[in-house]
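The block underneath contains the structure these notes are about, expressed in structure tokens.
The values are calculated or read from the model by the stated rules, or taken from the named source; none is laboratory data. Quick caveat: nothing in here was measured; it's all calculated off a predicted structure. Heads up, the Cβs are rebuilt from the backbone with ideal geometry, glycines too, and the neighbour counts pull from every protein chain shown. Heavy atoms of the whole protein, side chains included, go into the accessibility calculation; ligands, DNA and RNA do not. Shrake-Rupley method; radii C 1.70, N 1.55, O 1.52, S 1.80 Å.
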Amino acid sequence: VTELPYEVSGSKVLEQSDALKSALLSSVSHELRTPLATILASATSLASPEIEWGADDRRELLATIEEESEQLNFLVGNLLDMSRIEAGSLAPQRRSNSLAEIVGAALARMRGSLRGHQVAMQVSEDVPSVEVDYVQIEQVFANLLSNSVKYSPPGTTIRVEAGVQDDGWILVRLQNQGQPIAEDHLDRIFEKFHRIYPDESITGTGLGLSICKGIIEAHGGRIWADNLEGGVGFFFTLPRAPAPPAPTGPA
């Protein structure tokens, strides 16, 4: 009798693990297959001896291969991060980093997806270095940018801003011009596989925001979303890097 709760609990954990694996397979199968099919078709066309491609057409096909490869790399990065979060092994490799540099790297990485949007970045001059894992925080920005691209109209502006709070933490805001999120979804959008508009033909695994939450919380910060005038804002906090010790001179 005393072992029953343990057995039930263990069974429930296994069921949840199996459900997660099934959801992952179902969720990512289409997301992985689509860019792979596009890359294969483009590469096959370029390699065909029966077609003489002009310079412009070759550049277009090569650009397609590059963009879809970037999308694959993005998806695989998210899957690896989620597996680490689920295993409890997402340990940030903290170093002193420039926040502006991390944002710039994310923007460069997402340049293909961002082609139809304007991006405005404003990092206050008083923002110091941040004590974070460069790769993980870049992934956070990439996921939030990807989400904003999907849920805001083409041609609109995505704003990335950062400043220092009174408590010394860095506050980051990424705002898009998408439709407001229903209040009952604002807290749930960071759950795994939660989709705001499940019936719409918007691609995605439903993991991006959940991964953001896992990474930010692993850094000791917090992340949330809110409806703003003219769009939706995502906010998160990051620890600032400690100041270097003062130099010591002769007494």
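Among the candidates ALA37, ALA55, single out the residue that is open to solvent by 30 Å² or more (accessible area, probe 1.4 Å) and at pLDDT 85 or above.
Details: ALA37 fails: at pLDDT 85 or above.
Answer to the check: ALA55.
Within region 11-31, is even one residue modelled with pLDDT of 75 or more and within 23 Å of the chain's Cα centre (by Cα)? Working first, answer last.
The initial filter retains those residues of region 11-31 that are modelled with pLDDT of 75 or more, namely none.
Among the residues of region 11-31, not one is modelled with pLDDT of 75 or more and within 23 Å of the chain's Cα centre (by Cα), which makes the answer no.
Residues checked against (1) in contact (Cβ under 8 Å) with a residue 40 or more places away in the chain; (2) more than 15 Å from the chain's Cα centre (by Cα); (3) exposed (fewer than 12 other Cβ atoms within 10 Å of the Cβ):
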| residue | (1), (2), (3) |
| --- | --- |
| LEU72 | yes, no, no |
| VAL76 | no, no, no |
| PRO92 | yes, yes, no |
| ALA106 | no, no, no |
| LEU114 | yes, no, no |
| HIS117 | yes, yes, no |
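Which number in (1) at pLDDT 75 or above; (2) over 25 Å from ARG240 (Cα atoms); (3) touching a helix residue (DSSP H, G or I) at 6+ places or on another chain (Cβ under 9 Å) marks the one condition that GLU86 misses?
Unmet for GLU86, out of (1) at pLDDT 75 or above; (2) over 25 Å from ARG240 (Cα atoms); (3) touching a helix residue (DSSP H, G or I) at 6+ places or on another chain (Cβ under 9 Å): (1).
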